[in-house]
Each structure stands twice: as structure tokens, then as C-alpha cells.
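After the C-alpha cells below, expect a handful of questions from me.
Derivation of every value follows stated rules applied to the coordinates shown; laboratory data play no part. Predicted model, so just to flag it, every value in this text is computed and none were measured. Ideal geometry is used to build each Cβ from the backbone, glycine not excepted, and the neighbour counts take in all protein chains shown.
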């Protein structure tokens, strides 16, 4: 068996992650949805939260400077409660179970903030993982190759025995820089299963 370790991303792999859908769970005002989604999820504060170099209150204070007053309450609510909208992918859960049954070691490799620790126990897939590595805990994020080297060094893994599944091409590229093969997951579980069968992982 060539591969022994499967590395998996979280957003849009283990769980569904759609910023516009998240914001829509907190307000029905279409203009507010556009403003809040852009300012919360696509600006530097979200990156800094994922890197663990800012906290929620600091991020909130910074974001609301760019938003009208009527958005401030919803902004706070989204930052504090967005994880309540999480939907776990049941089709991926079944693959995770199969991989575990086959003896693979499973590692989460995700860009996520410290809030991850508030909701990680609600995600069934994580019960089968050998380690949950998130960017905020190690102050490194994908696609930085150092992120992947951290995992390799922590668990004494041979990159040639690792296989990485992520939904973003630059993250797959980052892993490839340290010698880890990968698969760009586009949400089509049938194609993923076919590929994992083809390379004899499943």
C-alpha cells in the first residue's frame, strides 16, 4: 500500500462552507448579506483569525468600521455564532469511516480560527481522526509548505505515504511542494470515490 496517511481539509470537504449561505442564516436583507459577507469572510480579519493572531473582539471592532450601524449587531452575531450553521457532509463521513476501517491514519489540515474548538465535537467525522491540525493553533496556514512540514514533523510522516484532499488548487499545490500527492475535490463525491479506487486507496 503506497499511502498510509490521508490528510483532509475541513471546509467544503468534511463540512459545507458557503459564506453567503452562512450570512443568509442571520439576515434576509440582500444588501446586508452582500456587505456582511464581503467584510467578514473576504477581508484580512478572517485571515488573521485563522492564523490565530487576532481575537474575535478585535476582529469585530475592525470590521464594523467598514459597515453601517445597522449591520453591527448582525456582524457580531455572525462572528460568534456562524458555526451553528455548519452542515456535515454525510457522504464524506462514509468515506472517512471506510478509510479508518482500512487502517489509514487520518489528519485534519484546516485553516480555521480558535472557534474551531467550540464546535469540533459536533462533527462526527472527527471521531475517526488521529489528529486535528488547524492553522490558529500553530500560527501557520495553507498553502504555506511550512504548514504541511509541521504535520510531517509532528507525526514523523513520510510525504510519499501521504495523500491530501482539499477543495482549493493552491492548497494542493502547497502540499505538493513538500512531496505530498493530492486531489482537488470539487464536491462531486462519485468522482472522488472513483479516483480513490483508481489509485487503490479505497
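How much of the DSSP bridge set in the chain is antiparallel, in percent, rounded to the nearest 5?
In the chain, DSSP labels about 10 percent of beta bridges as antiparallel.
OK, next. Given points 7 Å out from each Cα along the Cα-Cβ axis, report the residue 131 to residue 193 separation in nanometres with one decimal.
3.1
If you don't mind, another one. Hey, what did segment 19-85 get for relative contact order, percent, Cα under 8 Å, at least 6 apart?
Here the relative contact order equals 39 percent.
Further question: Under 10 Å, Cα contacts only: if you run a Gaussian network model on the chain, which one of 43, 142, 76 comes out with the highest mean-square fluctuation?
Top of the fluctuation ranking is 43.
Taking every pair of distinct Cα atoms and averaging 1/r, then inverting, what Kirkwood hydrodynamic radius in Å comes out for segment 19-85?
11.7
If you build the convex hull over the alpha carbons only and average its shadow over all orientations, what do you get for segment 149-194? Give it in nm² to one decimal.
Approximately 3.4 nm², given one-decimal rounding.
Moving on to the next point. What is the list of residues in segment 85-111 whose amide nitrogen lies under 14 Å from a point 7 angstrom out from the Cα of residue 124, following Cα to Cβ?
Counting only backbone N, you get 87-98.
Further question: Between residue 138 and residue 88, what is 0.36 nm times their sequence separation minus the Cα-Cα distance? Round to one decimal in nm.
So the chain would gain 15.6 nm between residue 138 and residue 88.
Moving on. Once label points are set 7 Å from the Cα along Cα→Cβ at both residue 25 and residue 42, what is their separation, rounded to one decimal in nm?
In this crude spin-label approximation the distance works out to 2.0 nm.
At a Förster radius of 25 Å, what calculated FRET efficiency corresponds to the Cβ-Cβ distance of residue 55 and residue 149, to the nearest 0.05?
E(calc), rounded to 0.05, equals 0.40.
Taking 45 Å as R0, compute the FRET efficiency from the Cβ-Cβ separation of residue 18 and residue 156 and round it to 0.05.
Computed FRET efficiency for residue 18 and residue 156 comes out at 0.80.
I've got another one for you. Which whole number in µm²/s is D for the chain by Stokes-Einstein, with the Kirkwood Rh taken over Cα pairs at 25 °C and 0.890 mPa s?
Estimated via Stokes-Einstein, D reaches 138 µm²/s.
In degrees, nearest 10, range 0 to 90: what is the angle between the Cα axis of helix 90-101 and the longest Cα principal axis of the chain?
For helix 90-101, the angle is close to 30 degrees.
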